[in-house]
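Worksheet: the structure to be examined is printed underneath.
The values are calculated or read from the model by the stated rules, or taken from the named source; none is laboratory data. This is a predicted model, so every value here is computed, not measured. A quick note on method: Cβ atoms are made from the backbone with ideal geometry, for glycine too, and the neighbour counts reach across all protein chains shown. Note: accessible area is taken over every heavy atom of the protein model, side chains too, but ligands, DNA and RNA are not part of it. Shrake-Rupley method; radii C 1.70, N 1.55, O 1.52, S 1.80 Å.
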Amino acid sequence: MIQQLTNPCTQNYQQFQNIIFEPDMTWTYHDPMSFPGEDRDKELPYYSHMIMKRPVPGQAYSTITSHLFELSYNVIEEILQANNIQLNTIYRINLNSTTNGELKQSSWHKDLSFPHNNLLVYMNKFDSGATMVRDKDNQKSFEPKPNDAIIFDGDLDHCHLTPTSGRRITLVVNYL
């Protein structure tokens, strides 16, 4: 259900990691009250840096939204190649950042409404902040360490816990 990958931590990866921790890195705040639906108060606030916007209904393509696209693409390709995984299409690339506080869980969700895989790369050190994936009654949890990378089927619900200390920065890639 969750497969841990080898992250070769290449020069590209180290350069990407350095850039996202620079003081002038742009992050966008997502307030839970801006989410649609009745359960907005159960959503967690977070920061993100969108690198490649997901396709939206009626639009058959994704949009590159950040100067970090080429470097992030190289990092993704290097990680997948190191694990003998064929990359066909990338639908979305995003950096998510959640902060410490009470141990809280994000809502269970799927990133896209069509077949895809999820790649998560944990960019930094933080305490707790597990990722959980479930398939019906079967649930698996992954406690990440810095530079860990995992993949799982995008058709499965997933969520995460906020870190108990520090900032949890994750590279999220939806691909086929």
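Return the only residue of GLY101, GLY58 being modelled with pLDDT under 95, closer than 25 Å to MET25 by Cβ, outside any strand (DSSP E or B) and of a type in the set (Gly, Ala, Ser).
Working: GLY58 fails: closer than 25 Å to MET25 by Cβ.
From the options GLY101, GLY58, the qualifying one is GLY101.
With (1) in contact with a Lys or Arg (Cβ under 9 Å, 6 or more places away or on another chain); (2) modelled with pLDDT of 95 or more; (3) open to solvent by 80 Å² or more (accessible area, probe 1.4 Å) as the list, and GLU143 as the residue in question, which single condition is left unmet?
For GLU143, the failing item is (1).
Counting only residues that are part of a strand (DSSP E or B) and more than 22 Å from THR10 (Cβ to Cβ), how many does segment 120-173 have?
Total meeting the criteria: 24.
Find all pairs meeting these conditions: Cβ atoms under 7 angstrom apart; at least six residues apart or on different chains; first residue within segment 121-141 and within 20 Å of ILE76 (Cα to Cα); second residue of a type in the set (S, T, N, Q).
VAL121/ASN7; VAL121/THR170; TYR122/ASN147; TYR122/THR170; MET123/GLN17; MET123/THR170
With the checklist (1) charged (D, E, K, R); (2) open to solvent by less than 90 Å² (accessible area, probe 1.4 Å); (3) without any contact (Cβ under 8 Å) to a residue 40 or more places away in the chain in hand, flag the one item GLU70 doesn't pass.
Evaluating GLU70 over (1) charged (D, E, K, R); (2) open to solvent by less than 90 Å² (accessible area, probe 1.4 Å); (3) without any contact (Cβ under 8 Å) to a residue 40 or more places away in the chain leaves (2) as the failure.
For segment 114-136, does any single residue satisfy the condition of being open to solvent by 70 Å² or more (accessible area, probe 1.4 Å), of a type in the set (Ser, Thr, Tyr) and at pLDDT below 95?
Checked against the condition, which is being open to solvent by 70 Å² or more (accessible area, probe 1.4 Å), of a type in the set (Ser, Thr, Tyr) and at pLDDT below 95, segment 114-136 yields no hits at all.
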